[in-house]
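Take a look at the structure below.
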Amino acid sequence: MPPSMETTIRSSIFNPEHETLRASVRAFVERELAPHAEAWEQAGDFPDWVFTKLGDAGYLGLAYPEEVGGQGGDYISTLVLKEEMARCGSGGVGMAVAVQTDMATPPILKYGSPAQIDEYLRPAIKGTKIACLGITEPGAGSDVANIQTLAVRDGSDWVINGRKIFITNGVRAHFCTLVARTNKPAGHHGFSLFLVPTDTPGWTVTKRLDKLGMHSSDTAEIALDDVRLPADALLGVEGEGFAQIMWELQGERLVGVAGSIAGSQRLLEGCIQYAKIGTRSASRSERTKRSRTDWPRWRPRSKPRAR
Ligand SMILES: Cc1cc2nc3c(=O)[nH]c(=O)nc-3n(C[C@H](O)[C@H](O)[C@H](O)COP(=O)(O)OP(=O)(O)OC[C@H]3O[C@@H](n4cnc5c(N)ncnc54)[C@H](O)[C@@H]3O)c2cc1C
């Protein structure tokens with residue numbers, strides 16, 4: 001019997017508790033999400049109940065402490081979630097959920113006040129508030145230090161102006177964890193984080209972007225025009241937003257890697273399964289039909305030259 005991909009590629013970072021979690025997430029994903037995945041990808045959207053259902057199951061707070069409504073697990077448990085979400089068959093859903101659990105909300109636990117935790121983190125863990133993360137701008141992708149969105153003080157308020165792009169969950173989100181400049185001459189010490197409710201006047205979704213894949217997750221362009229926020233919208237330490245968001249990106253990118261590798265593994269499993277059906281178990285006429293319809297059409301135009 002050939003070795004199973006499932007058992008041979010598992011890393012030693014996962015302990016028996018993680019494997020128990022994996023089994024329960026997998027059952028959830030296969031029962032609740034996978035049957036809809038294709039339709040959601042085709043429709044280019046998925047319903048908000050995905051967040052509340054995941055929240056009810058406890059999966060949006062796996063690595064958050066119980067005191068804030070989480071499950072008290074470790075970082076590896078959130079990697080398990082990301083790997084298993086890949087099995088739902090919709091990259092868009094996995095992406096949207098990862099933004100909720102591992103991108104927009106970790107800075108709230110680490111840097112947020114008790115009031116900010118109550119207002120944003122607890123409902124995000126329950127799935128009743130959807131989060132997005134606003135870093136990228138038309139001129140600032142990899143180069144986060146080039147962010148131009150500006151937040152200036154006006155009395156005790158902050159007034160924010162700028163543009164954000166490629167913001168996952170940006171259309172449906174209730175709030176955004178936003179990076180803005182607060183002091184231009186201060187270089188890397190001139191950025192700050194803010195928690196912005198998306199119903200604040202001046203916050204506009206200017207476009208929902210089309211993508212090559214992950215169609216079901218919404219990816220938005222956002223305009224901020226004189227978005228006025230109270231002083232307590234500042235998250236963490238004024239001027240230290242660059243270091244704070246670099247801390248966040250470490251966890252975010254590793255979660256992205258786990259999801260990408262799990263998605264690739266899923267594709268490979270699917271290909272192997274398909275090849276086996278095509279070559280072994282299907283009847284001759286079924287194989288002939290498949291070769292005429294489903295199999296890739298590409299063939300080399302000429303035989304490769306002998307070396
Ligand atoms: C589907 C999707 C969802 C996203 N969701 C979000 C989100 O929710 N929130 C958010 O803030 N952003 C989001 N992003 C943006 C994403 O984080 C950025 O696309 C990413 O940071 C890269 O930025 P960029 O696209 O501007 O590429 P660029 O920064 O222009 O980079 C283009 C290429 O050049 C390379 N490069 C860049 N600088 C250098 C350098 N100095 N030296 C060598 N090579 C370099 C890069 O590695 C890359 O290969 C999303 C993007 C996508 C595609």
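Among the listed pairs 82/126; 129/184; 82/129; 184/211; 82/276; 53/129, give every one whose C-alpha distance is greater than 23 Å.
Listed pairs above 23 Å: 129/184; 184/211; 82/276.
With a point put 7 Å past each Cα toward its Cβ, work out how far residue 19 is from residue 267 in nm, to one decimal.
2.9
Full-extension gain between residue 254 and residue 74, please, as 0.36 nm times their residue separation minus the C-alpha to C-alpha distance.
The residue 254-residue 74 span can extend by a further 63.4 nm.
Determine the gain in length on full extension of the stretch residue 246-residue 52; use 0.36 nm per residue of separation and subtract their C-alpha separation, reporting nm with one decimal.
Between residue 246 and residue 52, full extension yields 67.0 nm more.
Which residue, 124, 243, 115, tops the fluctuation ranking in a GNM of the chain built on C-alpha contacts under 10 Å?
115
Among 13, 160, 135, 261, which comes first, then next, by fewest other beta-carbon atoms within 10 Å?
13, 261, 135, 160
At 0.36 nm per residue, and after removing the present C-alpha to C-alpha distance, how many nm does the segment from residue 276 to residue 145 gain when stretched out fully?
Net length gain for the segment: 42.2 nm.
What relative contact order, as a whole-number percentage, does the range 1-157 give when Cα pairs under 8 Å and 6 or more residues apart are counted?
22
Roughly what angle does helix 34-43 make with the longest principal axis of the chain, taking Cα atoms, 0 to 90 degrees, to the nearest 10?
Here the helix axis deviates by roughly 70 degrees.
With unit charges on the beta carbon (Lys/Arg positive, Asp/Glu negative), name the residue among 179, 99, 156 whose Cα is farthest towards the positive pole of the charge dipole of the chain.
The Cα lying farthest towards the positive end belongs to 99.
Only Cα pairs under 8 Å and at least 6 apart count here; give the relative contact order of the chain as a rounded whole percent.
Once normalised by length, the contact order is 18 percent.
Just name one of 59, 37, 194: the one whose Cα is farthest towards the positive end of the charge dipole of the chain (beta-carbon charges, Lys/Arg +1, Asp/Glu -1).
Going by the Cα projections, it comes out as 37.
Determine, for each peptide in 128-134, 152-158, 24-30, the mean count of other beta carbons within 10 angstrom over its residues, then list the peptides with the highest first.
128-134, 24-30, 152-158
For the chain, modelled as a Gaussian network with Cα springs under 10 Å, which listed residue fluctuates most, 126, 184, 164?
Taking springs between Cα atoms under 10 Å, the residue moving most is 184.
Picking from 149, 177, 206, which is most flexible by a Gaussian network model of the chain using Cα springs under 10 Å?
Per the Cα network of the chain with a 10 Å cutoff, 206 tops the list.
As I understand it, the dipole of the chain uses +1 on the Cβ of Lys and Arg and -1 on the Cβ of Asp and Glu, about the Cα centre. Which of 268, 50, 15 lies farthest toward its positive end?
It is 268.
Taking the Cα centre of the chain as the origin, how large is its charge dipole in debye, to the nearest 20, when only Lys and Arg (+1) and Asp and Glu (-1) carry charge on their Cβ atoms?
Dipole size: approximately 2500 debye.
Listing 108, 272 from the residue with the fewest other Cβ atoms within 10 Å to the one with the most, what is the order?
Lowest to highest Cβ neighbour count: 272, 108.
All of the numbers you see were taken from the coordinates with simple rules; none came from a lab. Fair warning: this is a prediction, and the values are worked out from it, not measured in the lab. Positions of Cβ are generated from backbone atoms using ideal geometry, with glycine treated the same way; all protein chains shown enter the neighbour counts.
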